[in-house]
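Notes for the one structure printed next.
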Amino acid sequence: MIKKKKLLFLSLLLLAMGDNLNAQIMQEKVDFNVWPKGELNSAYAQYFIGNSYLAPLETEKGGPVNVTFEPRCRNNWHIHHKSVQVLICVAGRGWYVEEGKEPLEMRPGTVVAIPAEAKHWHGAAKDSWFQHLTYMAKVEEGSSTTWLEPVVDAEYDKLP
């Protein structure tokens, strides 16, 4: 009987704490002192669902751009023509999805080299900020990006 009372008490305690615990662990945070958050990405906002931020890192010398995504933020499907996009996750958790392939979870240290002409998108996980460095490699003359349809909630919400 005492075990049942203790179990009931612990269950009620966990239930009562549940909302508070969920609020604390629901969103994975990013330390913006390590990688700068940057400025609101207003130039490309039309190609994103949610807010993203850009922090160029010596781009005038060919350096990468740090892109920060708030939770649930993602860019539209897009294709880079005549160039390879490289993504390096530096903080948080996000996704890289290439058409016809399984989604790739990105965590700090994950590197993706996206082949030219691959239809893809990338963005933050539902419960985490996400930062990646990006730069273009193997850039050929006439390179460009074609922005396509948004990644709608019904599609995005299928991710774990």
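Numbers at a glance
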read-out	value
Cβ-defined net charge surrounding Trp95, 10 Å radius [Lys, Arg +1; Asp, Glu -1]	+2
Cα-based reach from Lys29 at 16 Å (exclusive), listing aspartates and glutamates while leaving out same-chain residues under 8 positions away	Glu70, Asp127
Two-site label geometry, Glu39 and Ala118: point separation in nm, points 7 Å out along Cα→Cβ	3.1 nm
Mean separation of Cα contacts under 8 Å, 6 or more apart, over the residue count of the stretch 20-160: relative contact order %	29 percent
Spacing of the two label points (7 Å from each Cα toward its C-beta) at Glu28 and Leu57, in nm	1.8 nm
Protection-proxy order for peptides 120-133, 146-159, each taking the mean of Cβ atoms within 10 Å per residue, highest first	120-133, 146-159
Label-point separation, Leu104 to Lys126 (7 Å along Cα→Cβ), nm	2.3 nm
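Any read-out appearing in this document is the output of simple, stated calculations on the displayed coordinates, not a laboratory observation. Predicted model only: the values in this text are computed from it and were never measured. Neighbour counts are summed over all protein chains in view; Cβ atoms, including those assigned to glycine, are modelled from backbone coordinates with ideal geometry.
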